[in-house]
Amino acid sequence: MNTITKSILKFIFVFYIIVNLLPQDVLIINAATNTTVYDDSPMLEDRGNMYYVQTVNGVKNTFNIYRLEVATGNKTRLISSKKDIVGMMIHNDTLYYNSHEDGKNTYQTQISSVSIDGKDKKAICNGYLTSLDDNSIYYIVVKGETSKLYKRDYDSGKATLIYTGNLTFRFLKNLDNTMYFTQFNETTSKLTLYSMMPLQTTLSVLTTDKIMLDGSEKSDPTVSDIIKLNGDIYYQYGVYEGSGLYWNGTLIKINSSANTKSIIEKQVCEEEIYHNDDSIFFVEMDSSKKHYQYSTKTGKKSSYTYNIGTTESFNILGDKTYCIKPDGKELITVSCFTSGTNKSNWIDSFIKISYKQKKEFDYITSIKKYGNYLLIPVKCMDYKSTEVWWGKCVSVIWYVADSNGKILAQF
């Protein structure tokens, strides 16, 4: 048990510092040179504000939560903690966050809160925050070989035990006001997907899958993502394999009207289910150039080809697919086209970012969407460094753009 948690932690604990590479046409968000915002750190958007975790590197790291008002460039530090911030959620002008002692077991976390103006700080309870609704906080407490799901009333602080499971039990997603959880039973080889709506006090079994393992897996089976399109539910289960922890998933459809279940695709290599309002997009294992589109309306699958350059990243965000490419000199270019096509409606330079690059370093780019904003982290890596075997991260800079491609701010 806990193989996936231990393995992922091994790969994501990379230490790096932020550098002062600032273009002239954006609002500048100053930061000290010994600080950084990890590209996998918690982040969220709420009413035009970005919330992110900044790490101040030192003998003992400090972790700060900032609120960035994108329209003005103003930022406010909400809290500063010696504990690593590993999750954040917002409800009714209050930010709830998870923290744990840096380098220790992430399961043993503390839930705290702070108002979005940085006041009224509170320590709430121990546990891993999973979801919030209008009445309660939902969290998981791990002790020994069991995981327990609780709901805690905001006002009274009364905690109610909802479910007791094993160490593979985890929160998956809050979707359309319904919470989803997943758990694997090694004895029965069954992976179960649970659901629960607000005000309920018990989990309901949505579906189960029997998964036969051959011993090559590097993790217990789990459900990686779930979505709802045109009334039907789609989810993906699988395992991590190989020394690189590669995802091997199976995409499933639950037909709501007929109450039937069918396999859409096996050996999907991405954990997230990428989609727009009508289609799901995926890549099969060992097929980096050939991409597939599954129509949720017709049930038909089609393919399209897009060749990705060695320095180029490829991100599907709804109706648009984005390609981010450093030119090796002074520019990061973001292009885009209609998702599920062979570059239909291609926009060659949707976003241009002034960024001086050095030949001795590699630059890793991607694009994420939070609310109405596009966020582009640019990570500078030194793979020749002997300090760490996986390569030293020299810097990370985040750029914030609107839906029209205009850079608004950076941090």
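How much accessible area per residue does region 201-345 have, counting only protein heavy atoms and a probe of 1.4 Å, in square angstrom? Don't skip to the answer; put the middle values down first.
On the way: 7200 Å² over 145 residues.
Accessible area per residue, region 201-345: 50 Å².
Using r as the Cβ-Cβ distance of T160 and V205, and R0 as 25 Å, what FRET efficiency do you calculate, to the nearest 0.05? Mind dumping the intermediate values first?
Values: r = 20 Å, r/R0 = 0.80.
Calculated value: 0.80.
Add -39500 (n - 2.57) for each DSSP H run of 4 or more in the chain, then divide by its residues: what number comes out at 222 nm, to the nearest 500 deg cm²/dmol?
Working: 1 runs with 10 residues, N = 411.
For the chain, the value works out to -500 deg cm²/dmol.
Let me know the charge dipole size of region 204-326 about its Cα centre in debye, to the nearest 20, where only the beta-carbon of Lys, Arg (+1) and Asp, Glu (-1) is charged. Spell out each step's value before the answer.
Details: 13 positive and 17 negative charges, 85 e Å.
Result for region 204-326 is approximately 400 debye, rounded to the nearest 20.
Between T365, T182, A123, whose Cα lies farthest towards the positive end of the dipole of the chain when Lys and Arg beta carbons carry +1 and Asp and Glu beta carbons carry -1, centred on the Cα centre?
Farthest towards the positive end: A123.
Once you order the gyration tensor axes a ≥ b ≥ c over the Cα atoms, which shape class does region 56-158 get: rounded for a/c under 1.5, otherwise prolate or oblate by comparing a/b with b/c? Don't skip to the answer; put the middle values down first.
On the way: a/c = 2.43, a/b = 1.22, b/c = 2.00.
Oblate, since a/c reaches 1.5 and b/c is not below a/b.
Explain nothing, just the number: relative contact order of the chain, from Cα pairs under 8 Å at least 6 residues apart, as a whole percent.
Details: 966 pairs, mean separation 44.0, N = 411.
About 11 percent, as a whole number.
In square nanometres, what is one fourth of the surface area of the convex hull spanned by the alpha carbons of region 185-270?
Working: hull surface 27.5 nm².
Result: 6.9 nm².
By its C-alpha gyration tensor, with a ≥ b ≥ c as the square roots of the eigenvalues, how is region 258-377 shaped: rounded for a/c under 1.5, else prolate for a/b larger than b/c, else oblate? Don't skip to the end; give the middle numbers.
On the way: a/c = 2.34, a/b = 1.97, b/c = 1.18.
Prolate, since a/c reaches 1.5 and a/b exceeds b/c.
Report, in debye and to the nearest 20, how large the dipole of region 352-405 comes out about its Cα centre when Lys and Arg carry +1 and Asp and Glu carry -1 on their Cβ. Walk me through the intermediate numbers first.
Working: 9 positive and 5 negative charges, 23 e Å.
Using Cβ point charges on Lys, Arg, Asp and Glu, region 352-405 gives about 120 debye.
With a/c under 1.5 counting as rounded, go ahead and sort region 127-183 into rounded, prolate or oblate using the C-alpha gyration tensor (a ≥ b ≥ c being the square roots of the eigenvalues; past the cut-off, prolate if a/b is larger than b/c, else oblate).
Working: a/c = 2.60, a/b = 1.24, b/c = 2.10.
Verdict is oblate for region 127-183.
With labels modelled as points extended 7 Å from the Cα through the Cβ direction, what inter-label distance (nm, one decimal) is found for E145 paired with R77?
The two pseudo-label positions are separated by 4.5 nm.
From largest accessible area down, sort T338, T386; use a 1.4 Å probe on the protein chains.
Values: T338 45, T386 135 Å².
Result of the area sort, largest leading: T386, T338.
Just one of (i) 19.7, 63; (ii) 21.7, 60; (iii) 23.3, 71 is Rg and Dmax of the Cα atoms in Å as worked out from the coordinates here. Which one is it?
(ii)
Relative contact order (percent) for region 185-228, with alpha-carbon contacts under 8 angstrom and 6 or more residues of separation? Before the final figure, lay out the partial values.
Details: 38 pairs, mean separation 15.5, N = 44.
Computed value for region 185-228: 35 percent relative contact order.
Hey, which aspartates and glutamates would be in cross-link range of K320, C-alpha to C-alpha under 17 Å, not counting anything within fewer than 8 residues on its own chain?
E272, D277, D278, E312, D348, D402
Mind grabbing the accessible area of M179 for me, 1.4 Å probe, Å², rounded to tens?
10 Å²
Where nothing but the Cβ of Lys and Arg (+1) and of Asp and Glu (-1) is charged, how large is the charge dipole of the chain around its Cα centre, in debye to the nearest 20?
Details: 46 positive and 44 negative charges, 75 e Å.
Once rounded to the nearest 20, the dipole reads 360 debye.
Which lysines, if any, have their Cα less than 16 Å from the Cα of K358, not counting same-chain residues under 8 positions apart?
Within the straight-line limit of under 16 Å, K358 reaches these lysines: K325, K329, K379, K384, K392.
If you average 1/r across every pair of different Cα atoms in region 282-325 and take the reciprocal, what Kirkwood value do you get, in Å?
It works out to 11.7 Å.
Please list, or write none, the lysines whose alpha carbon is within less than 23 Å of the alpha carbon of K121, excluding same-chain residues fewer than 8 places away.
K60, K75, K82, K83, K151, K158
The values are calculated or read from the model by the stated rules, or taken from the named source; none is laboratory data. A quick note: this is a predicted structure, and the numbers were derived from the prediction, not measured. All Cβ positions, even for glycine, are placed from backbone atoms using ideal geometry, and neighbour counts span all protein chains on display. Ligands, DNA and RNA are stripped out before the accessible areas are found, and what is left, the full protein with its side chains, is counted by its heavy atoms. Shrake-Rupley method; radii C 1.70, N 1.55, O 1.52, S 1.80 Å.
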